[in-house]
Amino acid sequence: MTQSIEQLTAILSGSPELSVSEAEPGFPVIEVQTPVSSATVALHGAQVLKWAPTDHPPVLYVSPKAKMEAGTPLRGGIPICWPWFGEHPEDPEKPSHGFARTRFWELVSGGLDGKVATLVFRLLPDEESKALFPHDFELTATIRVADKLRVKLQMKNPGEEIYKVSCALHTYLSLGNIERIQLEGVKGSHYVDRLSDDPEPVYQEKNLQIKGEVDRIYQSMSSVLVRDLDRYRSVFVDKAGSRSTVIWNPWKEKSKALADLPDKGYQEFVCVECANAGTDKPTLRPNGSHTLETVIGLRPLG
Ligand code: TA6
């Protein structure tokens, strides 16, 4: 852990609505209360764990079996997958979804301005990251908590070498029941089915209903709307800087197989991830940057 509770509290001292606590020993989180919503953000992975407008059920899902320990991925909220999405392209020994989600980020600033709270986190390379990814980088995560939740990931290459990355804001949306949702925004696009050996993109004819394991990279720049019939609400996931949307649900067997997910956990969430994945891989030139952003909010079912 880089910053102490005292140091974090000092950075946030201008806004009593933002407070620091430990979700587990050595696992600091920032609790945010705005006039219209509340949120919890962990320093570990700059990971949003909770967000909901006032008087609404949670919008993000966190597994009740999620591990809150240094160096271990936390199942739920919005993990930041960087600098590679999924398995490492050359070396399967390297951690799935990169290393940004398993490191403590530095809190740079935080405060409440009217109805909007903003937290800024930074991740810089060190010996460990260089062993996994031999490039210079500067990652900045800006999290805005208001009547919507905005997560912006800016990736800069301050070095002299050009390199490509893949990444995702791996959002776990909380649901009433996975079998009673309709997912809109992918109809008419093509997807790569990560459950199949066939790399050929498949055409998505209709809106998506989930009746089994799904793990797909949609080649789409569109927003997604999740109609949640049991909760009488819709959740929208807007995005920028992304040509791919990943939709994931592990369903029964994988839910049982994952130690940090209850056997029936699959019923309570769907991942809708704004990503740069598959063929969508930004190139970071020397002094160049790329920004990936997602905006999440609620709408009436309509
Ligand atoms: O985003 C979908 C996915 O890549 C799935 O293949 C599944 O593995 C999921 O992420 C969770 O990955 P994790 O490494 O967090 O267990």
(request) Among the residues of segment 245-284, count how many are surrounded by 14 or more Cβ atoms within 10 Å (Cβ to Cβ) and either more than 13 Å from the ligand (Cβ to nearest atom) or not aliphatic (A, V, I, L, M) (or both). (result) 24
(request) Say whether the condition of being more than 16 Å from the chain's Cα centre (by Cα) and within 19 Å of TRP248 (Cα to Cα) is met by at least one residue in segment 28-47. (result) no
(request) Go through VAL202, VAL224, VAL214 for me and flag whichever is without any contact (Cβ under 8 Å) to a residue 60 or more places away in the chain, within 16 Å of the ligand (Cβ to nearest atom) and in contact with an Asp or Glu (Cβ under 8 Å, 6 or more places away or on another chain). (result) VAL224
(request) Considering (1) within 16 Å of the ligand (Cβ to nearest atom); (2) more than 15 Å from the chain's Cα centre (by Cα); (3) buried (at least 18 other Cβ atoms within 10 Å of the Cβ), say which one LEU132 fails and leave the rest. (result) (3)
(message) Step by step: first the residues of segment 175-194, then only those that are small (Gly, Ala, Ser) and out of contact with any Leu (no Cβ under 8 Å at 6 or more places or on another chain), then the one that is surrounded by the most Cβ atoms within 10 Å (Cβ to Cβ). Which residue is that?
(response) SER189
(message) Condition first: modelled with pLDDT of 95 or more, over 25 Å from LEU60 (Cα atoms), not in a loop (DSSP other than H, G, I, E, B) and not charged (D, E, K, R). Can you find one or more residues in segment 161-176 that meet it?
(response) yes
(message) Cβ-Cβ distance below 8 Å, separation of 6 or more or different chains: which pairs start in segment 90-116 with a residue that is closer than 21 Å to PRO73 by Cβ and end on one that is β-branched (Val, Ile, Thr) and more than 13 Å from the ligand (Cβ to nearest atom)?
(response) PHE104/THR2; GLU106/THR2; LEU107/ILE11; LEU107/ILE30; LEU107/VAL120
(message) touching a residue at least 40 places away in the same chain (Cβ under 8 Å) and away from the ligand (no atom under 16 Å from the Cβ): which single residue out of ASN177, ASN207 fits that description?
(response) ASN177
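Output the residue which, of all residues in segment 8-29 that are in contact (Cβ under 8 Å) with a residue 24 or more places away in the chain and outside any strand (DSSP E or B), is farthest from GLY110 (Cα to Cα).
Among residues in segment 8-29 that are in contact (Cβ under 8 Å) with a residue 24 or more places away in the chain and outside any strand (DSSP E or B), the one farthest from GLY110 (Cα to Cα) is GLY26.
Look at VAL165 and say whether it is within 16 Å of the ligand (Cβ to nearest atom), over 18 Å from GLY86 (Cα atoms) and in contact with a strand residue (DSSP E or B) (Cβ under 8 Å, 6 or more places away or on another chain).
no
Out of ASP147, ASP197, ASP193, report the one residue that is within 16 Å of the ligand (Cβ to nearest atom) and under 21 Å from the mean Cα position of the chain (by Cα).
Matching residue, one of ASP147, ASP197, ASP193: ASP193.
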(message) Can you tell me which condition GLU93 does not meet? The list is (1) closer than 30 Å to ARG231 by Cα; (2) within 15 Å of the ligand (Cβ to nearest atom), and all the others hold.
(response) (1)
(message) Can you confirm whether PHE99 is within 20 Å of the chain's Cα centre (by Cα), within 16 Å of the ligand (Cβ to nearest atom) and of a type in the set (Phe, Trp, Tyr)?
(response) yes
(request) Residue by residue through segment 58-77, note down the ones that are near the ligand (Cβ under 10 Å from one of its atoms) and within 10 Å of the chain's Cα centre (by Cα). (result) GLY76
(message) Looking at the structure I just gave you, is LYS239 closer than 17 Å to LYS148 by Cβ, within 16 Å of the ligand (Cβ to nearest atom) and either surrounded by fewer than 16 Cβ atoms within 10 Å (Cβ to Cβ) or touching a residue at least 12 places away in the same chain (Cβ under 8 Å) (or both)?
(response) yes
(message) Quick check on segment 54-64. Is at least one of its residues in contact with a strand residue (DSSP E or B) (Cβ under 6 Å, 6 or more places away or on another chain), closer than 30 Å to GLY278 by Cα, assigned to a loop (DSSP other than H, G, I, E, B) and β-branched (Val, Ile, Thr)?
(response) yes
(message) Every residue in segment 78-90 that is more than 10 Å from the ligand (Cβ to nearest atom) and surrounded by fewer than 24 Cβ atoms within 10 Å (Cβ to Cβ), please.
(response) PRO83, HIS88, PRO89, GLU90
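The values are calculated or read from the model by the stated rules, or taken from the named source; none is laboratory data. Because the structure is predicted, anything quoted here is derived from the model rather than measured. Because the Cβ atoms are built from the backbone with ideal geometry, glycine has one as well, and the counts that use them run over all protein chains shown.
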